[in-house]
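To start, the structure itself, in structure tokens.
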Amino acid sequence: MSRITIKRMLLDNQDNTDVLKKWAMIAKRGKDFFQSDEAKFFDCLYQRCFSSILQKHEKVQDYQINIALKFLDFLNLYLSSTQDSQLKQFMLYYLQDQQTIIRCRVSSIMENQQYKDALVKRCEELRHYINYLVAQEIDEDEKRENESNDENNDEVPITPKTPQQIRDLRFYKRLQLFTNICYKQFPEEFTKITSQMIGSIDQEENLREILMRFDEKELQIFFQTLKINFPQDLQSNKFTNEQIMIEILIEDLTKYQGLNISSDIAIFPTEEDIFMSGVNIKNPNFPQTQYLDIQDKLLRYFDQEIDDETISIRGIIESQLKQLRPLFGEETGDFIDFIGQGDKSAKILKISIIEVKAPKIGYLAPSEVTAEIQFSLSNHSTSSRQEWLNLKPNQPLFFICLDKSHEKLTEQSVDPLAKEYGIKLVRGSFTTLQHDQKHQVCKIQTDKETNKEIVSVIVKLDTIQYKNDIQKLMVQKSKFLEEIYSEAQLLIKIDRIIDMNKISNLEIIKTLYNDNLGKKQTEGWLKNFLIGAQNENDELKQHMLISPSELNIASQLQTQTILFEGKPGQGKTLLASKLIQTIHNQQQRTLLLSKTDQSLNQALQGVLKNGIRDKDIVILSKNKHLIPYNLNPKYRINELLSRRVQFLNQVKSLAESVNYNVFLEYTCERAKIFYDHYLLPLWTSYLEQSLTKEDSNQYLKTMFPFKRFIIEYLQLDNNDTNNTNDVDSMLFTDITCAKGRAQDYWMLIDMIFQDLEMILPFENLRNNKERQRYIVCSQTKVIGMTIDYARNSFKKLQKSGFRFDTLIVDDASLMSDIDIQIAIKCHQDQNELKKLILIGDETHSYFLPQSCFERALRQNYQTFKIKPEQDQQNLQKTTIKGMEKSRQIINVEDFKGKGMELNIKEGKDHIVTNLAEAEYSVALYMYLRLQSAIDNDKIVILTSESGQKQLIIDLLKQKCGWHPLLGFPREGVQTFDEFQGKNADIAIISLVYTYQTRDFIRKIDHNLYSWIISRGIQGNFTLQRDSLFRFLRDSTAAENRNGLLEIEQGEISSFIQLYKVDQKILELKESEQMLVDQK
């Protein structure tokens, strides 16, 4: 560590004796470490990969710039990790001594428009982490000083400071030193600049004005006094040494605010982001697992999502434009028409702004901007047209303007794709429901003049982008904004789930970041989990085998974070049910988070079977039609209110039977008064009087005060109710048990008032929204929630006072870190969370390689391997009528010399199909419907390719959809990505591939194959080319030696043979139906 660094740190902490001792020790060790192999290697790496490239006077080659950018990525990644090492400390101050930030700013690379934005972005990240770590060092020193002071002083402890507060304190110290230097060394200049230094010296421009008064020799005085290093090799063609020195001083003395996610950042990328900002220089997608704090984590996620979204949108636009082949005028460059046809695009006829709502208080952007887009689907195929008409609410749409004559396209920094197709404008929007039509996004109209069909959709524009566009137009004084938007000719839809999630994640991360700044900070074990810190408990490293029936082992653990890992079919859902039962017995509230409604319903139905009452359980989901009636909070309100009427009628009948005439009509509150002030004293007096009688049983029998009500309540058949002896004999058949029987009758009455006490809050709450909030936040003990619901409602739940003690995350291997953070944010005070339980499946790594579960495994938390129960194994071995084996792997050979086909079209990804497997899938579906009599809502057909999915759908429509005995499968045909987190009773799976391709190697692996052969609970039929998949089949069979996933060769290897069997069965059933109709 250099002398300059040591002197500088001593100067910053000259009033702190403990820190002075610390830095004196570091100075001794630093001298040895500076000569170590690690330090020498880093110094060489810095000079070769960064410094020498930035200081080149001649033109820098592209590969050299990429090396420098990769080195900056490495620095940011290492400095942002949580590991604390001497090398990291050395790197921190080495980078400061070498003036790394200023090197980037004065480098000739800044003149290269293609790489400028990429270098600036990485440079700002490095600046952020250097300042953050310096603040962290100062904070640790202050904590040590406070701890030493606390030993001798019992005062109230000091409130911890945020990194920004620490940076501000350091700034004021440096500013004070700078002011003293000006006063002592340059008194004449000090009097001239006093007014500038008051209140505005922290601004770069004002500080630059002050420093430009001094020459190079005078600036060196500041460097020497402030202990700032000026590297000898720091030179530039564009800047003089004096200018560089000024920039270094400005960097050192300016108040640094740090990186943050601004609320003014637009969610959708524009043409400038996609085609004019060097987006091809993308940050590497490192598997980042550790972060400095939660804000740093969200900041990194936001940057990564922005980059991924921009690259993804660029690829979609490029693909559609290559399909459409737009035609332009040769001389003017104006757009004429589209020659081709795109599968995800449509030609725009008109765009009009409908409404611009006023900004909310404290904001500049409008609160909402609504527009109508009219487009044509005249040249689209039937399936493509139907997909457009089935647009969903909040689905992203981009409208694009093409114009080769646009002046910006002549700039060198513009992407070649933008120049080729004249991309002038790119804007994003979200669809919304039509005002005059329920549950519909698209509206079809007919043009009266041309008699052509026009499709219109209402969209919500990005309000921040709209504000930015307005501001640009005010500066340029050009056309109205609506005129510019109306020039767009192309509409592109985003329908891939992964792309839609990227866009929605950006808004969520912004909300989490801003919410985290203003709220109480997450501390303790939960913070360590979220930022990826390693678990230090060495005793929990081992993995233990456990079955759901052995949960007492897990419940005895005192650790807050527990992981359960299991493969498909090993009882993870059963495990979740058992965990909820255990936690419920401890009188704690549980939130069960799941990816899908299906797994949520299965787990909570298992909880009901374990004896927990349905009134203690509720499910929250966007898909309200999938929530069971008894677990839906909306229906529960209606049920409770109807029961209220029933109970109050019983209370009124009871009051009449005991001659209590205070109230004419009853409410829950009046019923409580009646119970507390009349019924309970009456019952107590009745029991006390019985103790004073010689024949207490006879007294209990004859003087029971609720005879009339009990007879009506139990609907006892008594023809002569006036005969007292008959009534007494009917209610008390055995006089020796009179007290016990009387207590049983009283318990019936008491239960009525207990139920009314539970309903009392619903009577006081006057609308269903408040009643539902009460059910979710106060009444129920087990809450099931899908991640989609949590994404939309976590802020509302937090404001409503939602609390839970334990968070159980089912399908954690299908959820990202952001998903877990959203679930935790639902809690009103996340520091009160007692335990976090993650249940995951290693085979899900195909769908989400960097899930929160995978990261938690690397954090060294206690992990249990799930071993299946015997009943789970038996469930997998059920038989199906007409089938010898319920789990089969069927080898499908070529049909007429054709197997897998690759259909490659211009500008479009190749479409992979396999006609033989598609036909076999349909034939097998028909056989299961006809011979095995399986309902169509229990069968699902899965495939790896979207082209194969469409082929199977076409065959189903042709052969089954029209026939009442066959019908269409309720779950339809889905790709693996669409079916993640789900299972079905019967699964038919087409793997399509018959020989190895690049996509096959990338898509199909051992984990995915294990997932594939376990999608069907009662039956699983996998269609494949055995010669290609044999290695996966054998390895999976060997791994599952316990027989849980038995796989057998198919019984029928030809779909033609199977079709013949189907036809015979179908003819027989049709003839039987005709006979029934004739009778």
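The values are calculated or read from the model by the stated rules, or taken from the named source; none is laboratory data. Everything numeric here is computed off the predicted structure, so don't read it as measured data. As a convention, Cβ positions derive from the backbone with ideal geometry for all residues, glycine included, and neighbour counts pool all protein chains shown.
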- Residues located in the stretch 199-257, provided they are among the basic types (K, R), in contact (Cβ under 8 Å) with a residue 12 or more places away in the chain and assigned to a helix (DSSP H, G or I): R208
- Message: Among the listed residues L714, L680, L691, identify the single one that is out of contact with any helix residue (DSSP H, G or I) (no Cβ under 6 Å at 6 or more places or on another chain), of a type in the set (A, V, I, L, M, F, W, C), under 17 Å from W746 (Cα atoms) and at pLDDT 85 or above.
- Response: L680
- Query: Which of the following residues is assigned by TED's automatic domain parsing to the domain that holds G967 and at pLDDT 85 or above: I1047, I1056, I986, I1013?
  - Reply: I986
- Message: Suppose the filter is modelled with pLDDT of 75 or more, surrounded by fewer than 16 Cβ atoms within 10 Å (Cβ to Cβ) and not acidic (D, E); does V120 pass it?
- Response: yes
- Task: Filter the stretch 780-835 down to residues that are part of a loop (DSSP other than H, G, I, E, B) and within 10 Å of the chain's Cα centre (by Cα) and give me whichever is surrounded by the fewest Cβ atoms within 10 Å (Cβ to Cβ).
- Result: S816
- Query: Which of the residues that make up the stretch 614-668 are in contact with a Pro (Cβ under 8 Å, 6 or more places away or on another chain) and among the β-branched types (V, I, T)?
  - Reply: V618, I619, V658
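Every residue, every condition in (1) at pLDDT below 80; (2) assigned by TED's automatic domain parsing to the domain that holds S345; (3) in contact with a strand residue (DSSP E or B) (Cβ under 9 Å, 6 or more places away or on another chain), yes or no:
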site: L481; (1), (2), (3): yes, yes, yes
site: E487; (1), (2), (3): no, yes, yes
site: L490; (1), (2), (3): no, yes, yes
site: I494; (1), (2), (3): no, yes, yes
site: I509; (1), (2), (3): no, yes, no
site: L526; (1), (2), (3): no, no, yes
site: A533; (1), (2), (3): yes, no, no
- Scan the stretch 337-387 residue by residue and report those that are under 25 Å from E420 (Cβ atoms), among the hydrophobic types (A, V, I, L, M, F, W, C) and loosely packed, with under 12 Cβ neighbours inside 10 Å. I339
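Here is a yes/no grid of residues against (1) surrounded by fewer than 20 Cβ atoms within 10 Å (Cβ to Cβ); (2) among the aromatic types (F, W, Y); (3) closer than 26 Å to F794 by Cβ:
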position	(1), (2), (3)
Q598	yes, no, yes
N610	yes, no, no
K615	yes, no, yes
S621	no, no, yes
L641	yes, no, no
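For every residue, the table says whether it meets (1) in contact (Cβ under 8 Å) with a residue 12 or more places away in the chain; (2) in a helix (DSSP H, G or I); (3) over 25 Å from the mean Cα position of the chain (by Cα).
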| site | (1), (2), (3) |
| --- | --- |
| L592 | yes, no, no |
| L604 | yes, yes, no |
| K615 | yes, yes, yes |
| K622 | yes, no, no |
| Y635 | no, yes, yes |
| F647 | yes, yes, yes |
- Message: Looking at L249, L259, L226, L253 in this structure, which one is at pLDDT 85 or above and either farther than 30 Å from N66 by Cβ or not small (G, A, S) (or both)?
- Response: L249
- Of the candidates L640, L679, the one satisfying the condition of being in contact (Cβ under 8 Å) with a residue 40 or more places away in the chain and closer than 30 Å to T596 by Cα is L640
- Message: Residue under question is M9, and the condition is that it be within 18 Å of L133 (Cβ to Cβ), aliphatic (A, V, I, L, M) and at pLDDT below 70; does it hold?
- Response: yes
- Query: Just one of E242, E271, E309 is touching a helix residue (DSSP H, G or I) at 6+ places or on another chain (Cβ under 8 Å), modelled with pLDDT of 85 or more, surrounded by fewer than 20 Cβ atoms within 10 Å (Cβ to Cβ) and of a type in the set (D, E, K, R); which is it?
  - Reply: E242
- Message: Condition first: under 23 Å from A984 (Cα atoms) and either β-branched (V, I, T) or modelled with pLDDT under 65 (or both). Can you find one or more residues in the stretch 549-572 that meet it?
- Response: no
- Note on the structure: Checking K28, K40, K21, K56 in turn, the sole residue that is surrounded by 14 or more Cβ atoms within 10 Å (Cβ to Cβ), modelled with pLDDT under 85 and basic (K, R) turns out to be K56
- Taking only pairs six or more apart or across chains, which ones have beta-carbon atoms under 7 Å, a first residue in the stretch 45-72 that is basic (K, R), and a second residue that is surrounded by 14 or more Cβ atoms within 10 Å (Cβ to Cβ)? K56/S108
